[in-house]
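Worksheet: one structure, shown below.
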Amino acid sequence: MTGRAVTYESRTIGVAIARPPGEVYAFAAAPENLPRWASGLGTGGARDGDVWVSRMDVGQVRIRFAPRNDLGVLDHEVTLPDGTAVTNPMRVVPNGEGSEVSFTLFRLPGVTAEAFQADAATVQGDLEVLKGLLEG
C-alpha cells in the first residue's frame, strides 16, 4: 500500500417527497426544470447537446447529468468557468410509496467552514423547493 487516499468532509442532505420515485426522477433529471428548483445552478439556461449551460455569479457553467437510468442516479458534473469540474452525487430512492432525494456535498480544498455551511443550506433550500413543486 502506497498511502492513504485523500478524502473530503462531506454532508448528505435529503428530503422526503410524497410522489413516486419515477416521477421525481423524471422531473429532476430534466435540465429545463433546473431553474425552477436548483438556485445553486443559476436562474436560467439552455441546452447545448447533452449539457445544460447556465449563467451564475461566477460566469457560465456547464452541467452534465449521468445518463438516464432506472436506478434514480442523478449525479451531475458542474464545470466552472475556470475549467474546474465538480462531481455532485445525487439520488432518488423509494421511501414508502414516495421518494427520498439525497445530495452529497463535499467540502473541497479552500472552502471555509462558513462557505460549506452556506452551500449546505442552499442545497437544503433547493431540495425543499423541489419537494414543494412536486407535492404542489
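The values are calculated or read from the model by the stated rules, or taken from the named source; none is laboratory data. Values in this document were obtained by computation on a predicted structure and should not be read as measured data. Cβ sites come from the backbone with ideal geometry, for glycine too, and all protein chains shown count toward neighbours.
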- Pair list, Cβ under 9 Å, 6 or more apart: segment 30-52 residue over 17 Å from residue 121 (Cα atoms), other residue hydroxyl-bearing (Ser, Thr, Tyr) and part of a strand (DSSP E or B): 31/54; 34/54; 35/54; 43/54; 44/54; 45/54; 46/54; 51/79
- Query: Which of the residues that make up segment 86-107 are over 11 Å from the mean Cα position of the chain (by Cα) and either part of a loop (DSSP other than H, G, I, E, B) or modelled with pLDDT under 95 (or both)?
  - Reply: 96, 97, 107
- Determine whether segment 121-136 contains at least one residue that is surrounded by 12 or more Cβ atoms within 10 Å (Cβ to Cβ), under 25 Å from residue 19 (Cα atoms) and among the polar types (S, T, N, Q). yes
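Report the residue count in segment 53-65 for those that are exposed (fewer than 12 other Cβ atoms within 10 Å of the Cβ) and touching a residue at least 12 places away in the same chain (Cβ under 8 Å). Let's see the steps before the verdict.
As a first pass, look at segment 53-65 and keep what is exposed (fewer than 12 other Cβ atoms within 10 Å of the Cβ): 57-59.
If we keep only those that are touching a residue at least 12 places away in the same chain (Cβ under 8 Å) too, we end up with 58-59.
Residues meeting the conditions: 2.
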- Item | Residues satisfying the stated conditions in segment 111-135, i.e. farther than 26 Å from residue 71 by Cβ and free of Cβ contacts under 8 Å to residues at least 40 places away in the same chain | 111, 112, 113, 114, 115, 117, 118, 121
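Residues 115, 120: which one is within 24 Å of residue 135 (Cβ to Cβ) and part of a helix (DSSP H, G or I)?
Numbers: 115 fails: within 24 Å of residue 135 (Cβ to Cβ).
Checking each option against the conditions leaves just 120.
Report yes if residue 108 is over 22 Å from residue 129 (Cβ atoms) and in contact (Cβ under 8 Å) with a residue 24 or more places away in the chain, otherwise no.
Values: over 22 Å from residue 129 (Cβ atoms): yes; in contact (Cβ under 8 Å) with a residue 24 or more places away in the chain: yes.
For residue 108, the condition - over 22 Å from residue 129 (Cβ atoms) and in contact (Cβ under 8 Å) with a residue 24 or more places away in the chain - is met.
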- Mind listing whichever residues of segment 66-87 are closer than 18 Å to residue 101 by Cβ and surrounded by fewer than 14 Cβ atoms within 10 Å (Cβ to Cβ)? 68, 69, 70, 71, 87
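Counting only residues that are in contact with a Pro (Cβ under 6 Å, 6 or more places away or on another chain) and not in a helix (DSSP H, G or I), which one in segment 9-44 is farthest from residue 130 (Cα to Cα)?
Initially, segment 9-44 is screened for residues in contact with a Pro (Cβ under 6 Å, 6 or more places away or on another chain), giving 21, 43-44.
Now narrow it down to the ones that are not in a helix (DSSP H, G or I): 43-44.
Details: 43: 14, 44: 16 Å.
Among residues in segment 9-44 that are in contact with a Pro (Cβ under 6 Å, 6 or more places away or on another chain) and not in a helix (DSSP H, G or I), the one farthest from residue 130 (Cα to Cα) is 44.
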- Out of (1) of a type in the set (Lys, Arg); (2) under 14 Å from the mean Cα position of the chain (by Cα); (3) loosely packed, with under 11 Cβ neighbours inside 10 Å, the one residue 36 does not meet is (3)
